[in-house]
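Written out below as structure tokens is the structure these notes cover.
The values are calculated or read from the model by the stated rules, or taken from the named source; none is laboratory data. Being a predicted model, the structure only gives us computed values, none of them experimental. Methodologically, a virtual Cβ is constructed for each residue, glycine included, from the backbone with ideal geometry; neighbour enumeration extends over all protein chains shown.
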Amino acid sequence: MSDGAPRTATKRAGPAQDEPRFRVPPTSIHRVEADGVQVFFRAAGEANAPAVLLLHGFPSSSFMFRELMPRLANDYRVIAPDLPGFGFTEVPPERKYPYSFDRLALTIEAFTRALKLERYAIYVFDYGAPTGFRLAMAHPERVTAIISQNGNAYQEGLGDAWDPIRKYWAEPTAENRDILRQSILTAGGTRWQYTHGVAYPESVAPESYTLDTALLERPGNKEIQLDLFLDYASNVRLYPKFQEYFRKSKPPLLAIWGKNDPFFIPSGAEAFRKDIPGARIQFLDTGHFALETHVVEVASAMRDFLETNGVKHHSRGGDGLPPSSGNAGRHS
């Protein structure tokens with residue numbers, strides 16, 4: 001029987017919450033002015049850790065890295081900007097910004113200068129690939145390694161899903177432009193990009209393609225995307241230059257590929273070995289947006305690849321590359 005005296009709950013002994021396995025570095029959000037643009041970006045990790053610049057693709061934003069960043073941030077400084085025309089980056093109307101891949105690359109280069117990123121690995125996906133490869137060609141000494149997740153640089157990597165856009169390149173008429181508007185720039189078209197080639201499409205979090213769809217519907221945004229579709233031909237013309245950079249600089253490269261991607265097919269991943277014989281190639285049984293279904297596998301492969309190639313945090317031992325010079329620059 002109870003004697004009426006108050007009882008003190010006994011707390012079960014358990015692991016301390018500050019043990020390394022419980023530490024999940026926070027991801028913070030910022031804005032910084034670069035190239036006359038208010039660039040929105042996410043960041044995590046210590047300022048003196050080796051930097052990894054994460055470059056998203058169409059029609060996504062830095063949101064696609066939400067699950068990857070915490071898995072890397074104990075050992076790396078991970079930084080993910082939203083490209084102009086995407087996510088929450090703001091381009092003032094008076095900037096009269098020309099939406100081309102040359103300009104996207106110049107803006108991201110200005111972004112790296114604003115943050116004083118002197119050396120960094122790059123993770124390139126989809127549109128992030130021609131953007132990041134332009135940075136690497138311009139400043140090969142800055143790029144410590146490349147992780148290409150369905151980020152193409154070879155003709156053989158372009159799948160049949162490009163056929164309507166190829167037609168637009170050949171005949172940039174209002175009719176062909178409208179076909180792309182009605183077929184790709186829709187809620188259904190965006191969802192298809194996320195779920196095609198995924199064994200269990202219902203496993204893809206709906207907020208991913210729902211957010212992208214909402215941002216595509218902003219006034220004027222579809223015209224921006226159609227301009228970039230047309231300008232993507234400039235990337236294909238640059239493929240030989242990208243390949244020349246690979247042959248000359250031989251950056252450590254991991255191509256980790258959703259093998260069921262209808263846009264960038266496995267041949268594009270395998271082609272990197274033509275110019276970088278030591279490139280590491282890994283295929284995942286998923287589609288275009290591999291992080292939506294295989295973020296654990298991608299993070300594990302990245303960690304192993306970066307450590308194997310000497311990209312390590314000084315405080316964790318090894319002979320890591322010189323750290324970047326801190327999170328300077330005007331940003332909130």
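List, please: which pairs have Cβ atoms under 9 Å, are six or more places apart or on different chains, and start with a residue in segment 141-157 that is over 15 Å from R280 (Cα atoms) and end with one that is of a type in the set (K, R) and in a helix (DSSP H, G or I)?
Y154/K274
Quick check: anything in segment 240-248 closer than 25 Å to P59 by Cα, touching a Phe, Trp or Tyr at 6+ places or on another chain (Cβ under 8 Å) and buried (at least 17 other Cβ atoms within 10 Å of the Cβ)? Reasoning before the result, please.
Keep residues of segment 240-248 that are closer than 25 Å to P59 by Cα, which gives 242.
Right, trim to touching a Phe, Trp or Tyr at 6+ places or on another chain (Cβ under 8 Å) and you get 242.
Adding the requirement that they be buried (at least 17 other Cβ atoms within 10 Å of the Cβ) leaves 242.
Scanning segment 240-248, I find at least one residue that is closer than 25 Å to P59 by Cα, touching a Phe, Trp or Tyr at 6+ places or on another chain (Cβ under 8 Å) and buried (at least 17 other Cβ atoms within 10 Å of the Cβ), so the answer is yes.
Please work out which residue is surrounded by the fewest Cβ atoms within 10 Å (Cβ to Cβ), limiting yourself to segment 61-110 and to residues that are of a type in the set (S, T, Y) and without any contact (Cβ under 8 Å) to a residue 60 or more places away in the chain. Give the derivation first.
We begin by selecting, within segment 61-110, every residue of a type in the set (S, T, Y); these are 61-62, 76, 89, 97, 99-100, 107.
From what's left, without any contact (Cβ under 8 Å) to a residue 60 or more places away in the chain: 62, 89.
Values: S62: 25, T89: 21.
Going through the qualifying residues, I end up with T89.
Please specify each residue of segment 72-94 satisfying the condition of being under 14 Å from the mean Cα position of the chain (by Cα), in a loop (DSSP other than H, G, I, E, B) and of a type in the set (A, V, I, L, M).
Passing the criteria: only L83.
Residue-wise test of (1) of a type in the set (S, T, N, Q); (2) under 16 Å from I224 (Cα atoms); (3) out of contact with any Leu (no Cβ under 8 Å at 6 or more places or on another chain).
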residue	(1), (2), (3)
L117	no, no, no
A136	no, no, yes
A145	no, no, no
Q149	yes, no, no
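Give me the residue from segment 158-187 that is part of a helix (DSSP H, G or I) and in contact (Cβ under 8 Å) with a residue 60 or more places away in the chain and, out of that set, surrounded by the fewest Cβ atoms within 10 Å (Cβ to Cβ). Spell out the reasoning first.
Of all residues in segment 158-187, those part of a helix (DSSP H, G or I) come to 160-170, 174-183, 187.
So of that shortlist, the ones also in contact (Cβ under 8 Å) with a residue 60 or more places away in the chain come out as 160-162, 165, 168-169.
Values: D160: 10, A161: 17, W162: 19, I165: 19, Y168: 21, W169: 16.
Step by step, filter segment 158-187, then rank; the result is D160.
Does segment 5-27 contain at least one residue that is acidic (D, E), farther than 20 Å from A138 by Cβ, at pLDDT below 95 and out of contact with any Cys (no Cβ under 7 Å at 6 or more places or on another chain)?
Pass one, segment 5-27, residues acidic (D, E): 18-19.
From the residues that got through so far, the ones that are farther than 20 Å from A138 by Cβ too are 18-19.
Right, trim to at pLDDT below 95 and you get 18-19.
Retained after the next criterion (residues that are out of contact with any Cys (no Cβ under 7 Å at 6 or more places or on another chain)): 18-19.
The answer is yes, given that some residue of segment 5-27 is acidic (D, E), farther than 20 Å from A138 by Cβ, at pLDDT below 95 and out of contact with any Cys (no Cβ under 7 Å at 6 or more places or on another chain).
Considering only residues that are hydrophobic (A, V, I, L, M, F, W, C) and not in a loop (DSSP other than H, G, I, E, B), which ones fall in segment 22-45?
If we filter segment 22-45 for residues that are hydrophobic (A, V, I, L, M, F, W, C), which is where we start, we get 22, 24, 29, 32, 34, 37, 39-41, 43-44.
F22, I29, V32, A34, V37, V39, F40, F41, A43, A44 - these are the residues of segment 22-45 that are hydrophobic (A, V, I, L, M, F, W, C) and not in a loop (DSSP other than H, G, I, E, B).
Could you go through segment 109-122 and let me know if any residue there is within 12 Å of the chain's Cα centre (by Cα) and either part of a helix (DSSP H, G or I) or within 27 Å of E297 (Cα to Cα) (or both). Before the answer, list the steps.
Initially, segment 109-122 is screened for residues within 12 Å of the chain's Cα centre (by Cα), giving 121-122.
If we keep only those that are either part of a helix (DSSP H, G or I) or within 27 Å of E297 (Cα to Cα) (or both) as well, we get 121-122.
Scanning segment 109-122 turns up at least one residue that is within 12 Å of the chain's Cα centre (by Cα) and either part of a helix (DSSP H, G or I) or within 27 Å of E297 (Cα to Cα) (or both).
Residue-by-condition table, conditions (1) touching a strand residue (DSSP E or B) at 6+ places or on another chain (Cβ under 6 Å); (2) at pLDDT 95 or above; (3) small (G, A, S):
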position	(1), (2), (3)
A214	no, yes, yes
R218	no, yes, no
I224	no, yes, no
A233	no, yes, yes
L238	no, yes, no
Q243	no, yes, no
A255	yes, yes, yes
I281	yes, yes, no
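So, in segment 249-283, of the ones that are closer than 22 Å to G57 by Cα, in contact (Cβ under 8 Å) with a residue 60 or more places away in the chain and among the polar types (S, T, N, Q), which residue ends up surrounded by the fewest Cβ atoms within 10 Å (Cβ to Cβ)?
My answer is S267.
K116 - would you say it is under 21 Å from V311 (Cβ atoms), basic (K, R), surrounded by fewer than 17 Cβ atoms within 10 Å (Cβ to Cβ) and at pLDDT 95 or above?
On the way: under 21 Å from V311 (Cβ atoms): yes; basic (K, R): yes; surrounded by fewer than 17 Cβ atoms within 10 Å (Cβ to Cβ): yes; at pLDDT 95 or above: yes.
Here the answer is yes, as K116 does meet what is asked.
I'm checking my understanding of the structure. Among residues of segment 196-252 that are in a helix (DSSP H, G or I) and among the aromatic types (F, W, Y), which one is nearest to S183 (Cα to Cα)? Talk me through it step by step, then tell me what you get.
In the first step, residues of segment 196-252 are kept if they are in a helix (DSSP H, G or I); the result is 201-203, 206-216, 221-249.
Checking the rest, the ones that are also among the aromatic types (F, W, Y) come to 209, 229, 232, 239, 242, 245-246.
On the way: Y209: 15, F229: 13, Y232: 17, Y239: 27, F242: 30, Y245: 35, F246: 35 Å.
Within segment 196-252, the match that is nearest to S183 (Cα to Cα) is F229.
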